[in-house]
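Taking it in order: structure first as structure tokens, then the write-up.
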Amino acid sequence: MKKRVGRWPLGAAAVLLLGLWHLQEVQAGAAATGDGWMVPVYVGLLAAAFVGLLALGRMLFGGRSRQSGDGRTGDGRTGDGRSGDGQSSQKQNLAGRAGSRGAAVPLQRIYPAAGLFLGFVYLMVLAPLCGPDEISHYVSAYQLSSRMLGEPSDAANGRVLLRAQDAWVEDLEGVYEYEQDADGNWQVVLESAEGNRTFGEPLDQSVYQLIRELAPDGAYAPERYEFLEHGRVGSMYPPVTTTPLAYVPQALGIAAARLLGLGTLPLLYLGRLCNLVFFVGMTWLAMRRMPFGKEVLFGVALLPMTLHLSATYSYDVMIMGCLFCFTAVCLDLTYRKERVELADVAALAVLMAVAGPCKMIYAVFLGLCLLIPVGKFGGWGKWALAAAAVAGAWLIAMLAVNSQVVVSYATEAESYVTWAEEPGYSFSLMIHQPLRTLAMFYRTILWQAQQYHLTMIGAYLGNLDEVLDVPYLLVVIFTVCLAGLAFRKPGESLEIRGGKRAWILILCAGCAAAAMASMLIAWTPISSRVINGVQGRYFLPFLPVLLLACKNDFVVLTKDRNRSILYLMCCLNGYELLRLFATVSMRL
């Protein structure tokens, strides 16, 4: 009997054909600027996408493994027959034959390849410092790298000290003027800051051209900074007020580049690359620990917004990585592991202590621990000690990092929104005018839900740049893919039900409400009819557990298509990356 050839290579072939179509746009951009080098670069990107998608397809559909090393059968099921990655338990009766020909490679073994490959291409196509608030995150990581290296990190005015050769990323137009402070460091004269442009913002063809000119280790306009005599320059952008742990991966990359004496461009890319590797590693650990729903976490990690953030300097990487692992540990202790050990409590405490100070809204996530049965702790006494340890770790971290912010929010009777130049909402006003507050939440949900959905999936990448868009049709397909991964499959047991499902839904709603409340206080002027500043990416950390809680007995798919859905998401990302490169090539 001839071996049946799967249809999955058609996905890579479709991306190849669509990529050839967009080649016309790259050629048009090259003709308009005279930069013919963009065409071979795009062709190389197209070839890499095609080969990479073929390799991922082979892993998802053609890879064989007799036994995984974590106690699961080759298709990811646990030893008791539960589906570890969403595979149908009906396949259990094929175990005899599977033993002779091997089983599919578990999803947790495939994810690192998919995450690193797609994340790296996002890293290259979407240039450094074009991501959401990325310049501020970069400056914060730079500050931490200086402390790692034992060098001065802060100027007298609180700004971060940079190497003179790195100052240009904040001033592409060369409009800054400098003067020395009392410590001999150079500071930007504020009056000269008008009209400056940072590297990667906006992302257009000139940024690609500049990257090509500086590669592999060139200096940008060195004559501008000769007078600085290799001194230190204060950044125009202040660091983010949060735990320095949020920038450890990025700072390690920057520190390595500085120790090696590399220029600015390799430094930018190395910091991003370390953040990507960290995110993939944390998500991989979460996927290994999850007792079920691995395919859902895999799908969330393949969203354009998730991949884009993972390849930037954003501290969202630390938040998502920690909370993905926190979710996995809680679900494992609730549904699979027999007893809670000291190492489990320590893991929960550390994860929440690291992620909590980055965005206070995720304190609601502590409630996931309440899913774990008290009996698994060995009684109420040990449960209370464990609860105190986890909550105490979060509280200590919050007090150490955000105590002043919390006090100011809680005590100020009036607030002022700088960007709008008018008064804003305060905590006191929200408490004393509850109907007005409820009306703001109600209108925001009605009018902004679509925007939250689009920005969660990744309709606008970069710093919410509408030119760096994911077409609405792709947003719809990604959404349908997530639903398909979350729906029950034939023979799959329904783990989260009843009170536990209701509690998870309450926690997710609480996180969303906390995000809205924080932006109501910090970013919304009194004159606004809706809450400003909330982005869909804030919902990504709790999206996996939300989707798992939505699994039910009412909608059950007739076939298990998890791997086909995941491969479709990989192909969509491959196409989107090619389209983004073509778009930027024509953005003159």
Notebook entry, point to check: Relative contact order, percent, of the chain when contacts are C-alpha pairs under 8 Å separated by at least 6 residues?
Noted result: 20 percent
Check: For region 406-450, what log10 I(q)/I(0) values come out of the Debye formula at q = 0.14, 0.16, 0.20, 0.30 1/Å, with one point per alpha carbon and no solvent?
Finding: -0.42, -0.53, -0.77, -0.99
Checklist line | Selected from 385, 435, 416, residue furthest toward positive end of dipole (region 371-484; charges at beta carbon) | finding: 385
Checklist line | P(r) histogram, all alpha-carbon pairs of region 283-433 included - 10 Å bins from 0, percent | finding: 10, 31, 29, 20, 8, 1
Margin query: Along the Cα→Cβ direction, 7 angstrom out, place labels at residue 419 and residue 336. What is the inter-label distance in nm?
Written below: 4.1 nm
Margin query: Can I get the semi-axes of region 96-191's equivalent ellipsoid? Compute them from the C-alpha gyration tensor as square roots of 5 times the eigenvalues, in angstrom, largest first.
Written below: 47, 16, 9
Item checked: region 264-333: translational diffusion in µm²/s, Stokes-Einstein, Kirkwood Rh over Cα pairs, 4 °C, 1.567 mPa s -> 105 µm²/s
Next item on the list: Could you list the residues of region 358-388 with an amide nitrogen less than 16 Å from a label point located 7 Å from the Cα of residue 513 in the Cα-to-C-beta direction?
Entry: 361-368
Margin query: Going by amide H atoms built from the backbone, whose H comes under 5 Å of the H on residue 417, apart from near neighbours?
Written below: 422, 424
Notebook entry, point to check: Of 334, 270, 243, whose Cα points farthest to the positive end of the dipole of region 228-347 (charges on the beta-carbon: +1 Lys, Arg; -1 Asp, Glu; origin at the Cα centre)?
Noted result: 270
Check: Taking N as the number of residues in region 326-384, what value does Rg over Cα atoms divided by 2.2 N^0.38 Å take?
Finding: 1.11
Notebook entry, point to check: Looking at the square roots a ≥ b ≥ c of the eigenvalues of the Cα gyration tensor of region 450-546, which shape do they give, rounded for a/c under 1.5, prolate if a/b is larger than b/c, or oblate?
Noted result: oblate
Next item on the list: Taking the convex hull of the Cα atoms, report for region 192-298 its projected area averaged over all directions, in nm².
Entry: 10.4 nm²
Check: Quick one: Debye curve from the C-alpha atoms of region 345-498, no solvent, what's log10 I(q)/I(0) at q = 0.17, 0.18, 0.20, 0.21 Å⁻¹?
Finding: -1.25, -1.23, -1.21, -1.21
Next item on the list: Count the net charge of all other residues whose Cβ sits under 10 Å from the Cβ of residue 328, scoring Lys and Arg as +1 and Asp and Glu as -1.
Entry: +2
Notebook entry, point to check: What is the sum of charges around residue 458, taking Lys and Arg as +1, Asp and Glu as -1, for the other residues whose C-beta is under 14 Å from the C-beta of residue 458?
Noted result: -3
Notebook entry, point to check: Rg to Rh ratio, region 184-223, alpha-carbon atoms and Kirkwood radius?
Noted result: 1.06
Note to self: Given points 7 Å out from each Cα along the Cα-Cβ axis, report the residue 556 to residue 156 separation in nanometres with one decimal.
What the structure shows: 7.4 nm
Check: Suppose every K and R has +1 on its Cβ and every D and E has -1 on its Cβ; what is the size of the dipole of the chain about the Cα centre, in Debye to the nearest 20?
Finding: 4380 debye
Margin query: With only alpha-carbon pairs counted, each pair once and no self-pairs, how large is the Kirkwood hydrodynamic radius of the chain in angstroms?
Written below: 25.6 Å
Next item on the list: For region 226-363, report the convex hull volume of the alpha-carbon atoms normalised per residue, in Å³, without decimals.
Entry: 134 Å³
Notebook entry, point to check: From the phi of every residue in region 207-222, what ³J(HN,Hα) in whole Hz does the Karplus formula 6.51 cos²θ - 1.76 cosθ + 1.60 yield, where θ is phi - 60° and glycine or proline is x?
Noted result: 5, 4, 5, 5, 4, 5, 5, 8, 5, x, 8, x, 9, 8, 6, x
Checklist line | Fully extended contour minus Cα-Cα distance, from residue 180 to residue 435, at 0.36 nm per residue | finding: 86.5 nm
Notebook entry, point to check: If you find the alpha carbon centre of region 532-588 and of region 375-395, how far apart are they in angstrom?
Noted result: 36 Å
Checklist line | Amide proton proximity set for residue 488, modelled H, under 5 Å, gap of 5+ | finding: 552, 557
Note to self: Along the Cα→Cβ direction, 7 angstrom out, place labels at residue 405 and residue 500. What is the inter-label distance in nm?
What the structure shows: 3.3 nm
Item checked: Estimated FRET transfer efficiency (residue 209, residue 382; beta-carbon r; R0 60 Å; 0.05) -> 0.45
Next item on the list: Convert each backbone phi in region 274-289 into a coupling constant with the Karplus relation 6.51 cos²θ - 1.76 cosθ + 1.60 (shift: θ = phi - 60°), then list the ³J(HN,Hα) values in order as whole Hz, x for Gly and Pro.
Entry: 5, 5, 4, 4, 4, 4, 4, x, 5, 5, 4, 4, 4, 5, 5, 7
Notebook entry, point to check: What does region 142-215 give for Rg and for Dmax, in Å, if only its C-alpha atoms count?
Noted result: 14.1, 41
Check: How far is the Cα center of region 253-293 from the Cα center of region 120-170, in Å?
Finding: 15 Å
Notebook entry, point to check: Roughly what % of Cα-Cα distances in region 130-280 sit above 25 Å, to the whole percent?
Noted result: 24 percent
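Where a number appears in this text, it was derived from the coordinates with a stated rule and is not lab data. Here the structure is a predicted model, which is why all the values come from computation and not from measurement. Note: ideal-geometry Cβ built from the backbone for every residue, glycine included; neighbour counts use all protein chains shown.
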